[in-house]
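Participant: Below is the structure I would like to discuss, written out as C-alpha cells.
The values are calculated or read from the model by the stated rules, or taken from the named source; none is laboratory data. On a predicted model such as this, the values are computed, not experimentally measured, just so you know. Reconstructed Cβ throughout: ideal geometry from the backbone, glycine too, with neighbour counts over all protein chains shown. Protein only, heavy atoms only, side chains kept; ligands, DNA and RNA dropped before computing areas. Shrake-Rupley method; radii C 1.70, N 1.55, O 1.52, S 1.80 Å.
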Amino acid sequence: MPMDLSDRDYMSSGHVGCPGCGAAIAMKFVLKALGEKTIMVLPACCWSIIAGPYPQSALRIPLIHSAFETGGAVASGVRAALDMKGDTETTVLTWAGDGGTFDIGFQALSGAVERNEDFIYCCYDNEAYMNTGVQRSSSTPYGAWTTTTPGADWKKMRKKNIVEALVAHRIPYAATASIAFPEDLVYKVKKAKWIKGSRFLHIFSSCPTGWGLASELSVKIARMAVQTNIFPIYEVEDGLRYTINFMSKGYLVKEYFKLQGRFKHLTEKDLDQIQEIVNDDWDLLLRKAGLFPA
Amino acid sequence: MKKVLEGSQAVAEAVRLGRVEVISAYPITPQTHIVERLSDFCADGSLKARFLRVESEHSALAALIGAASTGARTFTATSSQGLALMHELLHWASGARLPIVMAEVNRALAPGWNIWTDQTDSLAQRDTGWMQLYCETGQEVLDTTLQAYWLAESVNLPVMVILDAFFLSHTYEPVDVPDQEAVDRFLPPFKPRFQLDIQNPCALGQMAPPAVYMEMRHSLQQAMEETPQRLAEMETIFEKSFGRRYGPVEAVACEDAEIILVTSGTVTSTGRQFLQDLRRQGEKAGLLKVKMFRPFPYESIRRYLKSAKKVAVIDRNFSFGASGIFAQEIQAALCSLPVHPIVFGYIAGLGGRDVTLSTLEEIYRKTRDQDLPSQESLWVGLHEVDHANGSF
Ligand SMILES: Cc1ncc(C[n+]2csc(CCOP(=O)(O)OP(=O)(O)O)c2C)c(N)n1
Ligand code: SF4
C-alpha cells in the first residue's frame, strides 16, 4: 500500500513525550494524513502534556484542550459552530486516550455518535491511565500489572471491546490501526476524512514508560500485538461490513508478553489461558468478517 | 410588541432576538419550557441556530465551550441537578473566558426530590467565575438575557440569567418584546477576541504552569471588577432604545429607612407590596433588591444600606454549617464601614414554600423588636415536625 504522504509535518520536534512514545508517533501520522484544515479537541491525557505548556505548542493546527470526559461533546460544539459559519471542509478531530474514551468519556462519545456528529474521534490506546501514573483503565488487558492492579491483584477482567461498542451505534466508519502499520493507518485516516458523520479510529500506541518496555522496542511491540492477534487491525463500515486488513499467522502471545515488564508475574498456565482468549476473539472476528476460522 | 408570555418564553424570545448560533441543552423541570420554545423556533426557521440535543448537562456545557471557542454565540438553560452536574465545566467556561449565556431556573436540590424554587443551586456556583443576574419579572428576564450577551462579550465572561422556578418560569405576564432591528442595533454579531481558526492556529486551554496560572486568574478578577462600569454603560445604551434599566441593585424608599429588607428574585414583588403597607402605617422601612450577585456590587450595597439601623436579608437558600448566602455577602460588604447597620439573616421559602406577606410581616416584626439577631440565621415558617410519627 503506497503511503502518499506530504513532506509537511504538523507536529514539531521538541514535544515533551517520553522517548519511544507510541502516542507521539500516532499523532504525527494522523496529522500528516489530515492536513492543515483540521481543528483538534484534546481532552485530558498524556497528550495534554506532550503538546506543550503555555505559551508553546508542538502542533501546527488549532487545538482546544478540554476536560477529561468531554471529547465527544466539545467536538460536537466545534462542529456546530463551523457549520453555522458555513465551513463544512475543516475536519474536527478529537484526540483522546483510552481512559478518556473507554471510561469517563464514554457517555459523551456515545451521545455524540448516536447523533452522528460529523467528526473523527481518534483514541490512542496505551492501555492504561498514563498521565496520572499508570493506573488501570477498562482498556488494560487481562493479565496486566498497573499501579492500581499491583502484585497478585493483576487485572483479571478482559479489555473492553471499544470498537464493538461503537459498531453497535451503527456509525459510518470504525477501524483499528497501529503505529507499526503506518501505511494502513494513513489509508484509514484519509478514508475517514471523506466520510460524513461519526468516524472512530482506535490506534494501538505502545507506551515504554507504562509497559516496562525498552523505548527502542515501541514499534516492534506494536507490530507483535497485531501479529499475535492481540490487536487485530480491521475496519467496520456502517456497523456491518467487516474487513480485516492484516491476516496474521498467529504468533504466540507469550513472545509478546516476554518483552514487557507489566506481564512478568504471569505463570505458564496464565499465558495458556490468555492464548485461548486471544484465539477465541480472533475466531469471532473472522466470523464477523464472513471468514471461517481455521 | 406586547405579548403575554411565561418567564421561560421570555428567555426564549431573547435568545431568538439575540441571534444565538449554537444552543445545547438537556431537559430538566422547570427549565424545559425554555428549550421546547427554542426547539420550535429552530424548527420553524425563526431562529437560525444549530440545536444540539446532547445526552447530559455536562455535555451541554462542554459542547458550548467548543462552539464558543470556535466563535459562535451560544446558549444553554438548566436547573438544580443539571447545574450541579455542570460544575466542572462552569469553571472551565469562565477560565477559558468564554461569553456563554445560560438561563438557570432556580430549583431545590435533592434528595427530597423537589422541583420548586430555591436558590441554593445557583449560589453554590458562586465561585465559578460566572456573572449571576437574578430576575424579578418576565420583562426583566427578557431584557436581562439580551443584556447578558452584551456584558458577556464585552468582558469575556459567562453569565447566568437566573429566574425562580414556576413563580417566574411558568407565570404569564405581559412582556414587551422588542423589534429585531432595535435588538440588532443593541447587540451586533459576536466578534470573539480569539478563536479556533485554521488560518491562525493556536492552542487554547493548555497547561499553565505556576509562573502564569495566577496571572490568568487575576485577569478574570479584573474582568469582574470592570463589569459594574460596563453594566452602567450598557444600561445607558439599552435604556435609550428600550426605555428600561435595572441597575445592579434597586433601592426602594431606602433614603430615610431605618429597617431595610433585602430581597432577590420574585420575593421582591411581594416585598414591594409589603413595603407600601408598612409605609402607609408610618414605618420607616425600605427595600433593596439585589439583582447582580456576581460580581458582587459592594459599592451600591454600601451606598444604600449604610445609613439604616437594621438590615433584614431574606435568603431563599442555605449554606450548611454557616448561614444564608446573601446575608453572608452583605455582612462582608458592610463590615468594612466604620459604622454599619446590624444584619439579620432570615431563611425563608426553601423548596418552593410560599413567601407571603405574612412571612415578610414576621420577618419585619422580629427585626424591629430585637436589638440583635439571636442566631446567625433565623428560619421563618418552620413547621413543628414530629419525627417519631413522621407528621407535622
Ligand atoms: C474529572 C477528572 N478526573 C480525573 C482526572 C485526572 N486525569 C487526567 S488524565 C487521566 C488519565 C488519562 O488516561 P488516558 O485517557 O488513558 O490517556 P493517557 O494519559 O494514558 O494518555 C486522569 C485520570 C481529570 N483530569 N479529570
Ligand atoms: S507515559 Fe507513555 S503515553 Fe505518556 S508520554 Fe510517556 S510513553 Fe507516551
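Participant: Looking at segment A:17-26, can you tell me whether even one residue there is out of contact with any Phe, Trp or Tyr (no Cβ under 6 Å at 6 or more places or on another chain), β-branched (Val, Ile, Thr) and more than 10 Å from every other protein chain (Cβ to nearest Cβ)? Can you show your working first?
Facilitator: Of all residues in segment A:17-26, those out of contact with any Phe, Trp or Tyr (no Cβ under 6 Å at 6 or more places or on another chain) come to A:17-22, A:24-25.
Keeping just the survivors that are β-branched (Val, Ile, Thr) gives A:25.
This time we only want the ones that are more than 10 Å from every other protein chain (Cβ to nearest Cβ), so: A:25.
Yes, because at least one residue in segment A:17-26 is out of contact with any Phe, Trp or Tyr (no Cβ under 6 Å at 6 or more places or on another chain), β-branched (Val, Ile, Thr) and more than 10 Å from every other protein chain (Cβ to nearest Cβ).
Participant: Cβ-Cβ under 9 Å, sequence separation 6+ or interchain: first residue in segment B:248-264 and more than 10 Å from B:Lys310 (Cβ to Cβ), partner of a type in the set (Asp, Glu) and open to solvent by 10 Å² or more (accessible area, probe 1.4 Å). Which pairs?
Facilitator: B:Pro248/B:Glu299; B:Glu250/B:Glu136; B:Thr263/B:Glu136; B:Ser264/B:Glu136
Participant: Give segment B:298-307 a look and list any residue that's open to solvent by 10 Å² or more (accessible area, probe 1.4 Å) and not hydroxyl-bearing (Ser, Thr, Tyr), or say none.
Facilitator: Residues satisfying the conditions are B:Glu299, B:Arg302, B:Arg303, B:Lys306.
Participant: Among the residues of segment A:143-173, count how many are farther than 25 Å from A:Val253 by Cα and of a type in the set (A, V, I, L, M).
Facilitator: First pass over segment A:143-173, keeping only residues farther than 25 Å from A:Val253 by Cα: A:166-173.
Next, only the ones that are of a type in the set (A, V, I, L, M) stay: A:166-168, A:171.
Going through segment A:143-173 one residue at a time, the tally reaches 4.
Participant: Still on this model: Please count how many residues of segment B:341-362 are hydrophobic (A, V, I, L, M, F, W, C) and under 19 Å from B:Thr120 (Cβ atoms). Steps first, please.
Facilitator: Quick first cut of segment B:341-362, residues hydrophobic (A, V, I, L, M, F, W, C) only: B:342-344, B:347-348, B:350, B:355, B:357, B:360.
Next, from what is left, pick out any that are under 19 Å from B:Thr120 (Cβ atoms): B:347-348, B:350, B:355.
Of the residues in segment B:341-362, 4 are hydrophobic (A, V, I, L, M, F, W, C) and under 19 Å from B:Thr120 (Cβ atoms).
Participant: Right, something else. Is segment B:331-347 home to any residue that is open to solvent by less than 50 Å² (accessible area, probe 1.4 Å), within 27 Å of B:Asp121 (Cα to Cα) and of a type in the set (S, T, N, Q)?
Facilitator: Taking every residue of segment B:331-347 in turn, none turns out to be open to solvent by less than 50 Å² (accessible area, probe 1.4 Å), within 27 Å of B:Asp121 (Cα to Cα) and of a type in the set (S, T, N, Q).
Participant: Ok, one more. Would you tally the residues in segment A:80-109 being facing chain B (nearest Cβ under 8 Å) and more than 16 Å from ligand 1 (Cβ to nearest atom)? Full working, then the answer.
Facilitator: Our first condition is that a residue be facing chain B (nearest Cβ under 8 Å); within segment A:80-109, this holds for A:80-85, A:90, A:107-108.
Add one more test, that the residue is more than 16 Å from ligand 1 (Cβ to nearest atom), and what stays is A:80-85, A:90.
Total meeting the criteria: 7.
Participant: Going residue by residue through segment B:174-190, is there one that turns out to be open to solvent by 80 Å² or more (accessible area, probe 1.4 Å), at pLDDT 95 or above and touching a strand residue (DSSP E or B) at 6+ places or on another chain (Cβ under 9 Å)?
Facilitator: yes
Participant: For segment B:348-359, which residues satisfy the criterion of being buried (at least 17 other Cβ atoms within 10 Å of the Cβ) and more than 22 Å from the chain's Cα centre (by Cα)?
Facilitator: Residue satisfying the conditions is B:Thr359 alone.
Participant: Continuing with the same structure: Say we look at segment A:146-160 and pick out the residues that are assigned to a loop (DSSP other than H, G, I, E, B) and in contact (Cβ under 8 Å) with a residue 60 or more places away in the chain; which of these is surrounded by the fewest Cβ atoms within 10 Å (Cβ to Cβ)?
Facilitator: This residue is A:Arg158.
Participant: Within the set of pairs 6+ apart or on separate chains, which have a first residue in segment B:211-232 that is at pLDDT 95 or above, a second that is open to solvent by 40 Å² or more (accessible area, probe 1.4 Å), and C-beta atoms under 6 Å apart?
Facilitator: Every condition considered, the pairs that remain are B:Val212/A:Tyr54.
Participant: What are the residues in segment A:81-106 that are among the β-branched types (Val, Ile, Thr) and either more than 16 Å from ligand 2 (Cβ to nearest atom) or free of Cβ contacts under 8 Å to residues at least 40 places away in the same chain (or both), if any? Steps first, please.
Facilitator: Of all residues in segment A:81-106, those among the β-branched types (Val, Ile, Thr) come to A:88, A:90-92, A:94, A:101, A:104.
Of everything in segment A:81-106, those that are among the β-branched types (Val, Ile, Thr) and either more than 16 Å from ligand 2 (Cβ to nearest atom) or free of Cβ contacts under 8 Å to residues at least 40 places away in the same chain (or both) turn out to be A:Thr88, A:Thr90, A:Thr91, A:Val92, A:Thr94, A:Ile104.
Participant: Still on this structure: Select the strands (runs of 3 or more DSSP E) contained entirely in segment B:1-83, then report the ones holding at least 3 residues which are of a type in the set (Ser, Thr, Tyr) and closer than 23 Å to B:Gln125 by Cα. First the steps, then the outcome.
Facilitator: Values: elements: B:2-6, B:22-25, B:50-53, B:74-78.
Qualifying strands (runs of 3 or more DSSP E): B:74-78.
Participant: Assess whether B:Ser154 counts as being touching a helix residue (DSSP H, G or I) at 6+ places or on another chain (Cβ under 8 Å), more than 10 Å from chain A (Cβ to nearest Cβ) and surrounded by fewer than 22 Cβ atoms within 10 Å (Cβ to Cβ).
Facilitator: Values: touching a helix residue (DSSP H, G or I) at 6+ places or on another chain (Cβ under 8 Å): yes; more than 10 Å from chain A (Cβ to nearest Cβ): yes; surrounded by fewer than 22 Cβ atoms within 10 Å (Cβ to Cβ): yes.
It is true that B:Ser154 is touching a helix residue (DSSP H, G or I) at 6+ places or on another chain (Cβ under 8 Å), more than 10 Å from chain A (Cβ to nearest Cβ) and surrounded by fewer than 22 Cβ atoms within 10 Å (Cβ to Cβ).
Participant: Let me ask you something else. Restricting to segment A:247-288, give me the number of residues that are buried (at least 17 other Cβ atoms within 10 Å of the Cβ), hydrophobic (A, V, I, L, M, F, W, C) and in a loop (DSSP other than H, G, I, E, B).
Facilitator: 1
Yes or no, residue by residue, for (1) out of contact with any Phe, Trp or Tyr (no Cβ under 7 Å at 6 or more places or on another chain); (2) among the β-branched types (Val, Ile, Thr):
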position: B:Val177; (1), (2): yes, yes
position: B:Glu181; (1), (2): yes, no
position: B:Leu187; (1), (2): no, no
position: B:Phe190; (1), (2): yes, no
position: B:Ala203; (1), (2): yes, no
position: B:Pro210; (1), (2): yes, no
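Participant: Filter segment B:91-132 down to the residues that are in a loop (DSSP other than H, G, I, E, B) and polar (S, T, N, Q) and list them by number.
Facilitator: Just the residues of segment B:91-132 that are in a loop (DSSP other than H, G, I, E, B), to begin with: B:96-100, B:107-119, B:124-130.
Scanning segment B:91-132 gives B:Asn114, B:Thr117, B:Gln119, B:Gln125, B:Thr128.
Participant: Could you pull out the residue among B:Arg230, B:Arg217, B:Arg193 that is away from chain A (no Cβ under 11 Å), under 27 Å from B:Cys135 (Cβ atoms) and out of contact with any Pro (no Cβ under 9 Å at 6 or more places or on another chain)?
Facilitator: Numbers: B:Arg217 fails: under 27 Å from B:Cys135 (Cβ atoms); B:Arg193 fails: under 27 Å from B:Cys135 (Cβ atoms).
Every option except B:Arg230 fails the conditions.
Participant: With the condition kept exactly as written, say whether any residue in segment A:239-254 is within 16 Å of ligand 1 (Cβ to nearest atom), at pLDDT 95 or above and more than 14 Å from chain B (Cβ to nearest Cβ).
Facilitator: The initial filter retains those residues of segment A:239-254 that are within 16 Å of ligand 1 (Cβ to nearest atom), namely none.
No, every residue in segment A:239-254 fails to be within 16 Å of ligand 1 (Cβ to nearest atom), at pLDDT 95 or above and more than 14 Å from chain B (Cβ to nearest Cβ).
Participant: Follow-up. How many of the residues making up segment A:198-212 are within 10 Å of A:Gln260 (Cα to Cα) and either more than 9 Å from ligand 2 (Cβ to nearest atom) or among the acidic types (Asp, Glu) (or both)?
Facilitator: 1
Participant: Return the residues of segment A:107-145 that are within 12 Å of ligand 2 (Cβ to nearest atom), in contact (Cβ under 8 Å) with a residue 12 or more places away in the chain and of a type in the set (Val, Ile, Thr); say none if nothing qualifies.
Facilitator: Result: A:Val134, single match.
Participant: Within segment B:281-392, considering only strands (runs of 3 or more DSSP E) that don't extend past its boundaries, which have at least 1 residues that are of a type in the set (Asp, Glu)?
Facilitator: Values: elements: B:285-290, B:292-294, B:310-315, B:342-347.
Filter on segment B:281-392 gives B:310-315.
Participant: Determine if segment A:150-168 includes at least one residue that is touching a helix residue (DSSP H, G or I) at 6+ places or on another chain (Cβ under 9 Å) and either small (Gly, Ala, Ser) or modelled with pLDDT under 95 (or both).
Facilitator: Yes, some residue in segment A:150-168 is touching a helix residue (DSSP H, G or I) at 6+ places or on another chain (Cβ under 9 Å) and either small (Gly, Ala, Ser) or modelled with pLDDT under 95 (or both).
Participant: Moving on to the next point. Failed condition for A:Ser215, given (1) in contact with a Pro (Cβ under 6 Å, 6 or more places away or on another chain); (2) within 16 Å of ligand 2 (Cβ to nearest atom); (3) without any contact (Cβ under 8 Å) to a residue 24 or more places away in the chain, with all others met?
Facilitator: For A:Ser215, the failing item is (3).
Participant: Test of understanding: among A:Ser48, A:Ser66, which residue is hydroxyl-bearing (Ser, Thr, Tyr), within 16 Å of ligand 2 (Cβ to nearest atom) and facing chain B (nearest Cβ under 9 Å)?
Facilitator: Answer to the selection: A:Ser48.
Participant: Turning to a different aspect of this structure: Which of the residues belonging to segment A:177-194 are open to solvent by 40 Å² or more (accessible area, probe 1.4 Å) and either of a type in the set (Gly, Ala, Ser) or under 17 Å from A:Glu237 (Cβ atoms) (or both)?
Facilitator: Residues of segment A:177-194 open to solvent by 40 Å² or more (accessible area, probe 1.4 Å): A:183, A:187, A:190-191, A:193-194.
Listed by number, the residues that qualify are A:Tyr187, A:Lys190, A:Lys191, A:Lys193, A:Trp194.
Participant: What's the number of the only condition in (1) surrounded by 20 or more Cβ atoms within 10 Å (Cβ to Cβ); (2) farther than 23 Å from A:Leu185 by Cβ; (3) not basic (Lys, Arg) that A:Gln135 fails to meet?
Facilitator: Unmet for A:Gln135, out of (1) surrounded by 20 or more Cβ atoms within 10 Å (Cβ to Cβ); (2) farther than 23 Å from A:Leu185 by Cβ; (3) not basic (Lys, Arg): (1).
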